[in-house]
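My questions will all concern the structure given below.
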Amino acid sequence: MENCIFCKIVAGEIPSPRLYEDEKMIVINDIEPKAKKHYLCIPKAHFARLNEMDGEKAETLKYCFEKIAELEETLGLSNGYRVMINQGEDGGQTVAHLHIHLLGGEKLQDF
Ligand code: AMP
Ligand code: ZN
């Protein structure tokens, strides 16, 4: 997808060190962390929002969540973390390539 910053990161056109990568997803540090640990899990396939969900995209998301669970310890999130997917303008989504925020490394504020 042209002009999508996360597609460019996935393609390596914008450098961003990967904490994890496989054929379906990457995990990177958020450039503006909102917690001591703030990762982004980015599916490699571009889609903007949950309302575009189909069987294949649902499989991709399922895969991402299973992989996140496997990576908890590696990412230093064994004591718990918050999972967020912002959707659209009211949800505060600024990058229109669906991604999963993982926040932790400290006791987070209630919201
Ligand atoms: P959202 O607001 O849910 O769309 O999340 C987008 C996130 O991407 C924000 O938390 C940004 O700080 C983060 N972000 C934007 N550009 C980059 C980048 N080049 N590398 C890592 N994170 C980024
Ligand atoms: Zn994209």
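The values are calculated or read from the model by the stated rules, or taken from the named source; none is laboratory data. Keep in mind it's a predicted model, so treat the numbers as computed, not measured. Positions of Cβ are generated from backbone atoms using ideal geometry, with glycine treated the same way; all protein chains shown enter the neighbour counts.
Output the qualifying pairs, or none if there are none: Cβ atoms under 6 angstrom, residues six or more apart or on different chains, first residue in region 95-107 and in contact (Cβ under 8 Å) with a residue 24 or more places away in the chain, second residue in a loop (DSSP other than H, G, I, E, B) and within 16 Å of ligand 2 (Cβ to nearest atom).
Filtered contacts from region 95-107: Ala96/Ala48; His97/Cys4; His97/His46; Leu98/Phe47; Ile100/Ile85.
Also, I was wondering about something else. Filter region 33-55 down to the residues that are outside any loop (DSSP other than H, G, I, E, B) and either touching a His at 6+ places or on another chain (Cβ under 7 Å) or within 14 Å of ligand 1 (Cβ to nearest atom) (or both) and list them by number.
Result: Lys37, His38, Tyr39, Leu40, Cys41, Ile42, Pro43, Leu50.
I've got another one for you. Being over 18 Å from Gln93 (Cβ atoms) and out of contact with any helix residue (DSSP H, G or I) (no Cβ under 9 Å at 6 or more places or on another chain) is the filter here, so list the residues in region 22-34 that pass it.
Glu23, Asn29 - these are the residues of region 22-34 that are over 18 Å from Gln93 (Cβ atoms) and out of contact with any helix residue (DSSP H, G or I) (no Cβ under 9 Å at 6 or more places or on another chain).
Oh, and also: Only residues that are under 20 Å from Leu103 (Cα atoms) and surrounded by fewer than 16 Cβ atoms within 10 Å (Cβ to Cβ): list them for region 20-48, please.
Glu21, Asn29, Asp30, Ile31, Glu32, Pro33, Lys34, Lys36
Mind telling me which of the residues Leu77, Leu61 ends up being assigned to a loop (DSSP other than H, G, I, E, B) and crowded, with 16+ Cβ neighbours inside 10 Å?
After ruling out the rest, the residue left standing is Leu77.
Separate question: Take Ile68 and decide whether it is at pLDDT 95 or above, more than 10 Å from ligand 1 (Cβ to nearest atom) and either out of contact with any strand residue (DSSP E or B) (no Cβ under 8 Å at 6 or more places or on another chain) or among the β-branched types (Val, Ile, Thr) (or both). Please lay out each step first, then the result.
Working: at pLDDT 95 or above: yes; more than 10 Å from ligand 1 (Cβ to nearest atom): yes; either out of contact with any strand residue (DSSP E or B) (no Cβ under 8 Å at 6 or more places or on another chain) or among the β-branched types (Val, Ile, Thr) (or both): yes.
Yes; evaluated as a whole, the condition is true for this residue.
What are the pairs with Cβ atoms under 6 angstrom where one residue, in region 31-60, is of a type in the set (Asp, Glu) and the other, located anywhere, is away from ligand 1 (no atom under 15 Å from the Cβ)? Sequence gap at least six, or different chains.
Every condition considered, no pair remains.
A further question follows. For region 62-85, give me each residue that is free of Cβ contacts under 8 Å to residues at least 40 places away in the same chain and within 15 Å of ligand 2 (Cβ to nearest atom).
Ile85
If you don't mind, there's one more thing I want to ask. Looking at Asp90, is it of a type in the set (Asp, Glu) and at pLDDT below 95?
no
Now for a separate question. Find all pairs meeting these conditions: Cβ atoms under 7 angstrom apart; at least six residues apart or on different chains; first residue within region 1-23 and under 13 Å from Cys41 (Cα atoms); second residue within 11 Å of ligand 2 (Cβ to nearest atom) and outside any strand (DSSP E or B).
Pairs found: Phe6/Val95; Phe6/His97; Phe6/His99; Cys7/Met1; Cys7/His46; Cys7/His97; Val10/Lys44; Ser16/Ile9.
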